[in-house]
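K.L.:
Following this message is one structure expressed as structure tokens.
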Amino acid sequence: MRPYIVANWKMHGLRQDLPQIEAIDAAAAKYNDIDVAIAVPATLIQPASQIVTHISIGAQDCHHAPKGAHTGCLSSAMLSEAGANFSIVGHSERRADQGETNIIVAGKIMAAQNDNMSAILCVGEDLATRQSGNALSYVSDQLMASLNAGNGKKPKVDGLTIAYEPIWAIGTGHVPEIADIEAMHDSLRAQLIAIFGEPAQTIRILYGGSVNGDNAKSILAVKNVNGALVGGASLTASSFCPIIEST
Ligand code: PGA
């Protein structure tokens, strides 16, 4: 499976930062067997997508409805038209800050896929859930509900990536034990196969949460870790490229 290394720029990035994207694109061009992508702020989708030749440019969220009275929101058709090839959906920061529920997130995946974008679905437990020993079952329930897997229409396997991001590891410098990452990713793979059948072997499962140039190699070597979703260390070419090189 081709490794997938995705930058999540969150609410960082102005036009003056486009040279970082050019530099990441140039570095990624040296690796034909790795997929590299950057989820930029919506305002940079168009200019970024015009300067890259090797990497994909995507959005960090899309609305679940195709259009309507949703002041300040962007539909998947708008993002796709601007040049986004994919959208992150259900990031824990949006689940917390914007109150996004699993059912809303499920709608976002369908919306993205409807408008020719793939979706990177984020799941992950908070610290209390991890400490209580219930992380595997919590994330399993979250995955099931965010895919709307129990209720008829499921997303397409083709345009779907999963990102396991323990909330307590995001931006904190704390990374789970390798054995815990492996257990979670194995569990997610088994569940995806239960939902989608054998084609789910092709769904990439990314790890995210304090990935950097120092720890990427050991994390990316874990079975069923098919790439990384990177926040803080993705903002400059000099911190992000070592992660690409670690695959
Ligand atoms: P981080 O963020 O790499 O800064 O921990 C990851 C993410 O939130 O996607």
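The values are calculated or read from the model by the stated rules, or taken from the named source; none is laboratory data. Everything numeric in this text was worked out from a predicted model, so none of it was measured. Cβ: placed from backbone, ideal geometry, glycine included. Neighbour counts: every protein chain shown. SASA here: full protein model, heavy atoms, side chains in, ligands and nucleic acids out. Shrake-Rupley method; radii C 1.70, N 1.55, O 1.52, S 1.80 Å.
K.L.:
How would PHE196, PHE86 rank on accessible area, largest to smallest, probe 1.4 Å? Display every interim value, and only then the final one.
P.N.:
Working: PHE196 35, PHE86 0 Å².
Per-residue accessible area, sorted high to low, gives PHE196, PHE86.
K.L.:
Given axes a ≥ b ≥ c from the Cα gyration tensor, I'd like to know whether the stretch 1-65 is rounded (a/c under 1.5), prolate (a/b larger than b/c) or oblate. Intermediate results must be reported in sequence, preceding the final value.
P.N.:
Values: a/c = 2.14, a/b = 1.28, b/c = 1.68.
Because a/c hits 1.5 or more and a/b fails to exceed b/c, the stretch 1-65 counts as oblate.
K.L.:
For the stretch 115-122, what does the Karplus curve 6.51 cos²θ - 1.76 cosθ + 1.60, with θ = phi - 60°, yield as ³J(HN,Hα) per residue in whole Hz, taken in order and with x for Gly and Pro?
P.N.:
3J(HN,Hα) across the stretch 115-122, in whole Hz: 10, 6, 10, 8, 10, 10, 8, 9.
K.L.:
Let me ask something else. Suppose each label sits 7 Å from its Cα in the direction of the beta carbon; what would the ALA96-SER218 distance come out to in nanometres?
P.N.:
2.5
K.L.:
Explain nothing, just compute: Karplus ³J(HN,Hα) = 6.51 cos²θ - 1.76 cosθ + 1.60, θ = phi - 60°, for every residue of the stretch 202-219 in order, whole Hz, x for Gly and Pro.
P.N.:
8, 6, 7, 10, 8, 9, x, x, 6, 6, 8, x, 7, 9, 4, 4, 6, 6
K.L.:
Also, quick follow-up: For a quick check: with amide H placed at 1.01 Å from N, whose amide H comes under 5 Å from VAL36's, ignoring anything fewer than 5 positions away on the same chain?
P.N.:
ILE5, SER56
K.L.:
Moving on. Can you tell me which lysines have their Cα less than 19 Å from the Cα of LYS10? Leave out same-chain residues fewer than eight positions away.
P.N.:
The reachable lysines, counting only those whose Cα sits under 19 Å from LYS10, are LYS108.
K.L.:
In the neighborhood of SER238, defined by Cβ-to-Cβ distances under 14 Å, what is the net charge if each Lys or Arg adds +1 and each Asp or Glu adds -1? Walk me through the numbers on the way to the answer.
P.N.:
Numbers: positive: none; negative: ASP17, GLU22, ASP214, GLU245.
With Lys, Arg at +1 and Asp, Glu at -1, the neighbours total -4.
K.L.:
Can you give the net charge of the other residues whose Cβ lies under 14 Å from the Cβ of PRO199, counting K and R as +1 and D and E as -1?
P.N.:
Details: positive: LYS154, LYS156, ARG189, ARG204; negative: ASP158, GLU198.
It works out to a net charge of +2.
K.L.:
Let me ask another. Could you give the length gained on full extension between SER239 and LYS67, defined as 0.36 nm per residue of separation minus the Cα-Cα distance, in nm?
P.N.:
Values: separation 172, 0.36 × 172 = 61.92 nm, distance 3.76 nm.
Additional length available on full extension: 58.2 nm.
K.L.:
While we're here: Starting with the highest mean, order 123-134, 161-172 by the number of other Cβ atoms within 10 Å, averaged over the residues of each peptide.
P.N.:
Working: 123-134: 16.6, 161-172: 21.7.
So the peptides 123-134, 161-172, ranked by packing, come out 161-172, 123-134.
K.L.:
Given a 1.4 Å probe, how much area per residue of the chain is accessible, in Å²? The partial results should precede the final answer.
P.N.:
Values: 10950 Å² over 247 residues.
Dividing the accessible area of the chain by its residue count gives 44 Å².
K.L.:
Which net charge results when you count Lys and Arg as +1 and Asp and Glu as -1 among the other residues whose beta-carbon is under 12 Å from that of PRO166? Could you put the intermediate results ahead of the total?
P.N.:
Working: positive: ARG130; negative: GLU125, ASP126, GLU165, GLU177, ASP180.
Cβ neighbours under 12 Å give a net charge of -4.
K.L.:
A further question on this structure: If a/c stays under 1.5 just call it rounded; otherwise compare a/b with b/c (prolate if a/b is bigger, oblate if not). Do that for the stretch 36-140, with a ≥ b ≥ c from the square roots of the Cα gyration tensor eigenvalues. Walk me through the numbers before you get to the answer.
P.N.:
On the way: a/c = 2.37, a/b = 1.63, b/c = 1.45.
Prolate shape, in that a/c is at least 1.5 and a/b is the bigger ratio.
K.L.:
Please identify, among LYS30, LYS217, LYS156, the residue showing maximal mean-square fluctuation in a Gaussian network model of the chain using a 10 angstrom Cα cutoff.
P.N.:
Among LYS30, LYS217, LYS156, the largest mean-square fluctuation in the Gaussian network model of the chain belongs to LYS30.
K.L.:
Using a Förster distance of 30 angstrom, determine the FRET efficiency expected from the C-beta separation of VAL157 and ALA183, and round it to 0.05. Walk me through the intermediate numbers first.
P.N.:
Numbers: r = 23 Å, r/R0 = 0.77.
Efficiency, from the Cβ-Cβ distance: 0.85.
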